[in-house]
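The values are calculated or read from the model by the stated rules, or taken from the named source; none is laboratory data. Not measured: the values here are computed from a predicted model. Positions of Cβ are generated from backbone atoms using ideal geometry, with glycine treated the same way; all protein chains shown enter the neighbour counts. The protein model used for the area step is the full one, side chains on, heavy atoms only, and it has no ligands, DNA or RNA in it. Shrake-Rupley method; radii C 1.70, N 1.55, O 1.52, S 1.80 Å.
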Amino acid sequence: MTALSNRSAAPALSLLAAALLSCLAATDIAHAAPAPQATTLDAVNVTAASETEQARAALKRVPGASNVVDLTKADGRLSTSADVLAYQPGISAQSPGNEGAKVSIRGSGINRGPGAHASGIAVSLDGLPLSGPGGTPYELLEPLWLSRAEVLRGANGFERGALALGGAINYVSRSGRDSGGLELQYEAGSRGYQKRSVGYGGVSGDIDYYLTYTDTESDGYQRHAASDGKGAMANLGWQITPTLETRFFVRYRETNHETPGRLTRDQIRNDPRAANPANLAIDARRPQPGSTWIGNMTTWQIDEASSLQAGLVYHKYPMDLNESLYRQQLDYSNLNATVDYRHRHLLLGRTSVTTLGLRVTHDLDADVRETLRFASNGYAAGTHTRDFSHHGTDSTLHIGNDLALTDALHLQTGLALIHTRRDVQVTWPATPERLREHQWDYAPRLGFTWQQTPQLQWFGNLSRPVEPAHPWSMIWGSNQYFAAGNGASTGRQRAPVQLDNQTATTLELGARGDSVLGRWELTGYYARVLHELLTVEVMPVPNLFVAENNASPTVHRGLEAGLDSTLWQGRDGRLSLRQAYTFSDFRYRDDALFGSNRLPGLPRHYYQAELRYDHPTGFYAALNTEYASAMFVDYANSVRADSHAIVGSRVGFDAPSGRWQAWAEMRNIGDRHYAATVTPGYNDAGKDVARSTPGEGRGVYAGLRWRFD
C-alpha cells in the first residue's frame, strides 16, 4: 500500500456561477438606497418560531462558510441524514439505502465506506458531542426528532472544539417551545417504506417538554437490504431563574439492517437492485441492539457580559456486526463533556468577545469479542478467534477572541490544544504488543469578517485542522498477523500500529449576502494536508478487510456556492429557485506511485436545485434535480463510476391553520441507475470490481402530519 502508507466544467455550474457573479456585481447597485428600518421585524424575531433565523444570524458572525437547515418546515420524506442535508452547498450526503449515510465536507472521510462510523466531522446533539475517539455512530440521528441542523464547514467549528478538516454539525432537538401539543406523522412509499411518529410537547410555567416515539421499516432498494428501527426521545428544559437554565436529553433507539454489499459498474448500469453474492451467502447484516444517550446542558448568564455553559453526556451504543466470516460484538460507551465560557469586554479600547472552552470525549468501553460465524478450517461456528480493545480520549482546550476593529470589520483569533490518548491491544490470544500513547497537538486560527454593506459580507480564515486517528484503525490498519499454529486466530491482526494525526494548512475566502437575485454565498478553500487518513478495501466480502493508513501529502481545494432566489411573487403566489453547487478537487501531491492522481470516493462536480411554486392557500409544487460527475473508484484512477443526473417532483398542501400537512413526491423519475457511494480499492488495473453502492431508483412517497393543541 505504497501510496497510502508512505508515512511515507460541469454543465450544472454555468447557471449558478453566472448568477453568483452577477450577485457580486449587482449588490451595491441594487441596495444603494439606505436600508429600511427593521423595528417591526425585530419585534417579530423575539418569538420562539424564529430560533432558526436567530441561529442563522449567529453563524453570520463566523468568519467562514456555514449552513442552517430548518426542519420544522420539512415537507418531504425525512428518512436519513442525506434527506436532512440536501440542497446545501459544500456538503455531500448520500445514502447507501439505509441509515448509514455517507456525509463529507471538503473531503472529510472521503472514502469511508457507508455504514461505518463517520470521520472528519465533529457531530453534536444539542451541543453535546456525539463524535467520540472512534468516530460518529449514526443510529441516533433520527430526522423527525430534529428542529434544525447547524453546519460549520471547515475551521469554522473552532469555537465548538471541532478541529477536523470537515468542521462541525450540530443537530438540535425539537422542544416544547417549537413543537407544542400532540403531533402525529406517517410516511409511506415504495419498497415497503413506512415511518410512524407520535410526539407531544408544551410549556408549563418555567418548564418545557417534548416526548416522541418513532419507528421505521423498509425493504430497501437492493435485494437483501431490509431495515427497521424504533426509538424514543425526550427533551426537558427548566428555566430555574431568569439567568439559569438546565436542559435534559434522553434518547434510545434500536436499528437493524441487512447489508446487500457493493456492486460493479456493469451491475449498477444493468441490475442495480442485485445484492453482492458474497453478502447473500453469509447473510451479512448489522444489528444495533440499542443505543442509549443521556445528557444535560446547563447555561448560566453570569451577568450582561458573561455566560457559562456546561454539558455532560453518557452514551452507550453496543454493536453486533455480522458482515464478514466473523461476528464482532462491540461494547461501546462514552462519557463526553463540554464547558464554554464567553465574556464581552474592551480590548485596546475596542469591543471584544473572548471565548474559552473545553471539549472531552472519552471511551469508557471499546472492547470487541470476535468469533467465527461459520465452520471453517475444522473449527465450529462460534469458535472464539480474538478479543481486542481500542480505547481513546480526545481533549481539546480552545481560546478565541473576536475584536471589532471597526463596526464593519472584525478580527478573530484563536488557538486550540488537543491531547489524545490511545490504548490499543489484542487481549486474547494474549500478545505483548500494546500501543499506549499520549500526544499533544495544536490548531491556530486567524479570521475576519467585513460587512461592506448591510447586504454584503466578506469573510476568510487561515487555520490548521487536526484529526487524530481512530483507535480501531490502529488494529484494522495493522500488517502484523497471527502466524500459522495459532488455531482459529491464524491470519487475524495480532498487534496495533501507530498512526500520525492528520493535519492541514487551510485558507478559506468567501462572501455572502442579499441581492436582486436572492440570498447567496460563495466560498473557496485550499488545504495542504499531511498524513491524511485514507481507507482502502484490502479484501472483499466474505472476509471483508478495510484498512486505514496515513497517506503521502495531498491537496483538498474547492468552491462552494448557494443561491436562494425569488423569481416571481404576487397575489397568486411565489415562484422560487434554490441551488447548491460544490466543486471538489482532492488529489495526491507528487506521490511516488500515484503522482497527482485524484482521491477516489467523491464526484468533482455536485449540483442540486429545486424550482418551487407556493400558492397563498397552502398548495405547493416543486421540481428538483441532482447532477454528479463521474468519480474514481481506486487510487490508481483506473476505473470511474458513471456520472448521473436525476429529476424528482413534489406536491403538497400545508393548511393555513398549521394543523395538518400532506405531501407526495416522486424521486428519480427517469429511474436512472447510478452509484451513490464508493468504497475504494488500491489499484483495480482497469478491472470492473464491486466498489459501489447504487443510488435509489424511481420511488413514490407520501406523508401526512396532524397537529392538535
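Against the list (1) buried (at least 17 other Cβ atoms within 10 Å of the Cβ); (2) under 29 Å from P540 (Cβ atoms); (3) hydroxyl-bearing (S, T, Y), the condition T338 fails is (2). Pick from segment 422-436 the residues that are open to solvent by 40 Å² or more (accessible area, probe 1.4 Å) and in contact with a strand residue (DSSP E or B) (Cβ under 7 Å, 6 or more places away or on another chain): which of them is farthest from N486 (Cα to Cα)? So the residue we want is R436.
Determine if segment 422-444 includes at least one residue that is part of a strand (DSSP E or B) and under 30 Å from G513 (Cα atoms). Walk me through it before giving the result.
Restricting attention to segment 422-444, the residues satisfying the condition of being part of a strand (DSSP E or B) are 422-428, 434-444.
Now drop any that are not under 30 Å from G513 (Cα atoms), which leaves 443-444.
Scanning segment 422-444 turns up at least one residue that is part of a strand (DSSP E or B) and under 30 Å from G513 (Cα atoms).
Reported count of residues in segment 248-281, each being over 21 Å from E217 (Cα atoms), in a helix (DSSP H, G or I) and either touching a Ser or Thr at 6+ places or on another chain (Cβ under 9 Å) or open to solvent by 70 Å² or more (accessible area, probe 1.4 Å) (or both), is 8.
Can you go through H470, H410, H419 and tell me which one is open to solvent by 20 Å² or more (accessible area, probe 1.4 Å) and within 21 Å of V360 (Cα to Cα)? Explain how you work it out, then say what you get.
Working: H470 fails: open to solvent by 20 Å² or more (accessible area, probe 1.4 Å); H410 fails: within 21 Å of V360 (Cα to Cα).
Answer to the selection: H419.
Restricting attention to segment 232-247 and to residues that are open to solvent by 60 Å² or more (accessible area, probe 1.4 Å) and in contact with a Lys or Arg (Cβ under 8 Å, 6 or more places away or on another chain), the residue that is farthest from H315 (Cα to Cα) turns out to be W238. Against the definition (of a type in the set (D, E, K, R), closer than 30 Å to F586 by Cβ and more than 24 Å from the chain's Cα centre (by Cα)), how does E437 come out, yes or no? The answer is yes for E437. Scanning segment 640-659 for residues that are of a type outside the set (A, V, I, L, M), outside any loop (DSSP other than H, G, I, E, B) and over 25 Å from T679 (Cα atoms) yields a total of 6. The condition (being closer than 30 Å to N479 by Cα and under 22 Å from the mean Cα position of the chain (by Cα)) is satisfied by just one residue among V541, V546: V546. Summed over segment 108-122, residues that are at pLDDT 90 or above and open to solvent by 10 Å² or more (accessible area, probe 1.4 Å) total 2.
Note on segment 445-461: residues that are closer than 16 Å to A504 by Cβ and surrounded by fewer than 19 Cβ atoms within 10 Å (Cβ to Cβ) amount to 1.
Per-residue answers, yes or no, for (1) crowded, with 20+ Cβ neighbours inside 10 Å; (2) in a strand (DSSP E or B); (3) of a type in the set (G, A, S):
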residue	(1), (2), (3)
L534	yes, yes, no
V541	yes, no, no
N549	yes, yes, no
L593	no, no, no
Y607	yes, yes, no
A621	no, yes, yes
T625	no, yes, no
S638	no, no, yes
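Residues of segment 674-691 that are open to solvent by less than 20 Å² (accessible area, probe 1.4 Å), aliphatic (A, V, I, L, M) and over 14 Å from Y221 (Cα atoms): V678 alone.
Going through R604, R589, R574 one at a time, which residue ends up being at pLDDT 95 or above and out of contact with any Phe, Trp or Tyr (no Cβ under 8 Å at 6 or more places or on another chain)?
Values: R604 fails: out of contact with any Phe, Trp or Tyr (no Cβ under 8 Å at 6 or more places or on another chain); R574 fails: out of contact with any Phe, Trp or Tyr (no Cβ under 8 Å at 6 or more places or on another chain).
Testing whether each residue is at pLDDT 95 or above and out of contact with any Phe, Trp or Tyr (no Cβ under 8 Å at 6 or more places or on another chain) leaves just R589.
For L517, the test of being out of contact with any Asp or Glu (no Cβ under 7 Å at 6 or more places or on another chain), over 16 Å from Y635 (Cα atoms) and of a type outside the set (F, W, Y) is passed.
Which residue out of S66, S104, S81 is touching a Pro at 6+ places or on another chain (Cβ under 9 Å), at pLDDT 90 or above, polar (S, T, N, Q) and under 29 Å from M631 (Cβ atoms)?
Numbers: S66 fails: touching a Pro at 6+ places or on another chain (Cβ under 9 Å); S104 fails: touching a Pro at 6+ places or on another chain (Cβ under 9 Å).
One residue alone meets the criteria, S81.
Condition check: in contact with an Asp or Glu (Cβ under 6 Å, 6 or more places away or on another chain), surrounded by fewer than 23 Cβ atoms within 10 Å (Cβ to Cβ) and not small (G, A, S). Does N501 satisfy that? Yes.
Of all residues in segment 53-101, those being surrounded by fewer than 19 Cβ atoms within 10 Å (Cβ to Cβ), in contact with a Ser or Thr (Cβ under 6 Å, 6 or more places away or on another chain) and among the acidic types (D, E) number 1. Here D402 passes the criteria (1) within 24 Å of the chain's Cα centre (by Cα); (2) open to solvent by less than 50 Å² (accessible area, probe 1.4 Å); (3) not polar (S, T, N, Q) except the one numbered (1).
Scanning segment 473-498 for residues that are open to solvent by 10 Å² or more (accessible area, probe 1.4 Å) and assigned to a strand (DSSP E or B) yields a single hit, Y481.
Let's see how each residue does on (1) of a type in the set (K, R); (2) within 14 Å of T255 (Cα to Cα); (3) modelled with pLDDT under 95:
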{"position": "K195", "(1), (2), (3)": "yes, yes, no"}
{"position": "G199", "(1), (2), (3)": "no, no, no"}
{"position": "D206", "(1), (2), (3)": "no, no, no"}
{"position": "L211", "(1), (2), (3)": "no, no, no"}
{"position": "A226", "(1), (2), (3)": "no, yes, no"}
{"position": "G231", "(1), (2), (3)": "no, yes, no"}
{"position": "A234", "(1), (2), (3)": "no, no, no"}
{"position": "W238", "(1), (2), (3)": "no, no, no"}
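In segment 408-435, the residues that are within 15 Å of L358 (Cβ to Cβ) reach residues that are of a type in the set (K, R) with C-beta atoms within less than 8 angstrom, at least six apart or across chains, in these pairs: G414/R445; L415/R445; A416/R445. Annotation: of all residues in segment 640-673 being modelled with pLDDT of 95 or more and basic (K, R), the one that is surrounded by the fewest Cβ atoms within 10 Å (Cβ to Cβ) is R672.
Only one residue in S147, S131, S179 is under 15 Å from the mean Cα position of the chain (by Cα) and within 24 Å of S79 (Cβ to Cβ), so which one is that? Show your work before the answer.
Working: S147 fails: under 15 Å from the mean Cα position of the chain (by Cα); S179 fails: under 15 Å from the mean Cα position of the chain (by Cα).
Exactly one residue qualifies, and that residue is S131.
Answer yes if at least one residue in segment 357-367 is surrounded by fewer than 18 Cβ atoms within 10 Å (Cβ to Cβ) and touching a helix residue (DSSP H, G or I) at 6+ places or on another chain (Cβ under 9 Å), and no otherwise. No.
Taking segment 563-575 on its own, how many of its residues are in contact with a Gly (Cβ under 8 Å, 6 or more places away or on another chain) and either open to solvent by 10 Å² or more (accessible area, probe 1.4 Å) or among the small types (G, A, S) (or both)?
Of the residues in segment 563-575, the ones in contact with a Gly (Cβ under 8 Å, 6 or more places away or on another chain) are 563-566.
Now narrow it down to the ones that are either open to solvent by 10 Å² or more (accessible area, probe 1.4 Å) or among the small types (G, A, S) (or both): 564-566.
Here the count works out to 3.
Look at A284 and say whether it is within 30 Å of Q412 (Cα to Cα) and either under 26 Å from the mean Cα position of the chain (by Cα) or open to solvent by less than 30 Å² (accessible area, probe 1.4 Å) (or both). So A284 fails the test. In segment 282-355, counting only strands (runs of 3 or more DSSP E) that sit wholly within it, the ones holding 1 or more residues that are at positive phi span 285-303.
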